[in-house]
Each structure stands twice: as structure tokens, then as C-alpha cells.
Amino acid sequence: MKALRYLLILLLFSSCANSQVTTYTVHKGKTYCEPSIGGGAGEKLGFFFTLKKSWSQLYENTDNSTHKISGISDLFGRNSIRLGVRRADTFKDGLIACPYIHNGGKFTYTAFKDSTGKNLVLKYETRYFCQISKIGNAWSITIYEGQTKIAYYIAQINISSIGRRRSGMYVEVGSGPSLWDIQTEIEFIK
């Protein structure tokens, strides 16, 4: 019931005039998106996102790096929680969703699992919602498709409120810049 109430509130906010869908592009030869994603962050970050079909170009290369959509980071990026994606082994109609965690400079990115225990694949051209929230000394990241919660992860991590910021789209291939133009539609809830 609490989750349903929260989703109804989100739907109300998403229809407000101060929220807008923006297409963020990581251009070929770059790693960060234009326009840039930045600004301060509190203890919650919510955003709708759509992986555009351009993400499928990642399957043209054998590199299986984890690419970041958005999330919350400290001032220097040593502690962060972000939604990430990477190529699936055989499925090419989407990308595996990963909570991408930096904790004291060390990173983990274990795939979210779907209801059957398989890696959760986010399909192209599908609108999802991601909620990142502080819970005591931990942070959670939750993904919804429509009103259905499809993934949840919690990390014991301290992201200082001093310099806490929203971080943006990042694509690299083989520790180098993107080989293609990659686009994502994102609507941050204000």
C-alpha cells in the first residue's frame, strides 16, 4: 500500500510543469553526456528513463564494461550509488541492469535479478522509473516498470551530504571513450 501511494505521488509530480524529459547523448569519442547531468542531491533521487535503441550499438564490440545512467555521488566520486547497464551474453534486445556502487574507491556492479533469478534486462524504448534513497547508514536503489517493482538493492555506504551531487550518464568502451552516439531520455522528478 505504501509503495502504491508513493507511485501515485510520483505520477503527480511527473505531470508537473517543472519536470521535463531531456535526451542526454554521449557522443562518439566522449565519455560524458550532453547536456551534462549535475547539481546537488539530497537523500532521494527519482527519475524516469528510457534507453534509446542507440544503446544496442554496444553489441558491436566485445567489451562488457558497465555504463552509468544516473545516481548520487559524493564530491569526489569515491562513494556513490548509480544505476548502471552492461551487455547481456546472448540477449541483444536490451541491457542488464546493475546497481553500480563505489565505496571508498572500490566498486561493485552485480546484476539485478528478475523474478526468475535471471539477470534483469532493461529493454530499449521502454520507460522505467528509478528511485535512489538514503535509509539510515545505507542507500537503496529500486527500479519500476509501470507500477511494478522489478529490482531492488541496498548498499551499506556513506555518501556525505557535503558536496553530495547528482551524477550523470557515462559511457566508455574498453577504458576509452564511446565508439558511438548513445542516447537516453531522462526525466528527473523535482
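We did not get these values from a lab; they are worked out from the coordinates using the rules stated. Computed from a predicted structure; not experimentally measured.
Rounded to whole numbers, the Karplus 3J(HN,Hα) couplings from phi for the range 174-181 are x, 6, x, x, 4, 8, 9, 7 Hz, using 6.51 cos²θ - 1.76 cosθ + 1.60 with θ = phi - 60°, and x at Gly and Pro. Counting only Cα atoms, the range 108-190 measures 39, 35, 28 Å along its principal axes, largest extent leading. In this structure the amide hydrogen of ILE37, modeled in the peptide plane, comes within under 5 Å of the amide hydrogens of GLY168, MET169, none closer than 5 places in sequence on its chain.
Separation of the alpha carbons by more than 21 angstrom is noted, of LYS28/LYS53; LYS92/LYS123; LYS30/LYS106; LYS68/LYS123, for LYS30/LYS106.
Were the residues from LYS118 through GLU60 laid out at 0.36 nm apart, the gain over their Cα-Cα distance would be 18.5 nm.
What translational diffusion coefficient, to the nearest whole µm²/s, does the range 15-116 have by Stokes-Einstein, given a Kirkwood radius computed over alpha-carbon pairs, a temperature of 25 °C and 0.890 mPa s viscosity? D = 160 µm²/s. In summary, the range 2-188 shows an alpha-carbon radius of gyration equal to 0.97 times the 2.2 N^0.38 Å reference for compact globular proteins. Taken one residue at a time, the phi angles of the range 128-139 give Karplus couplings (6.51, -1.76, 1.60, θ = phi - 60°) of 10, 10, 10, 10, 10, 9, 7, 10, x, 9, 10, 10 Hz. Gly and Pro are set to x.
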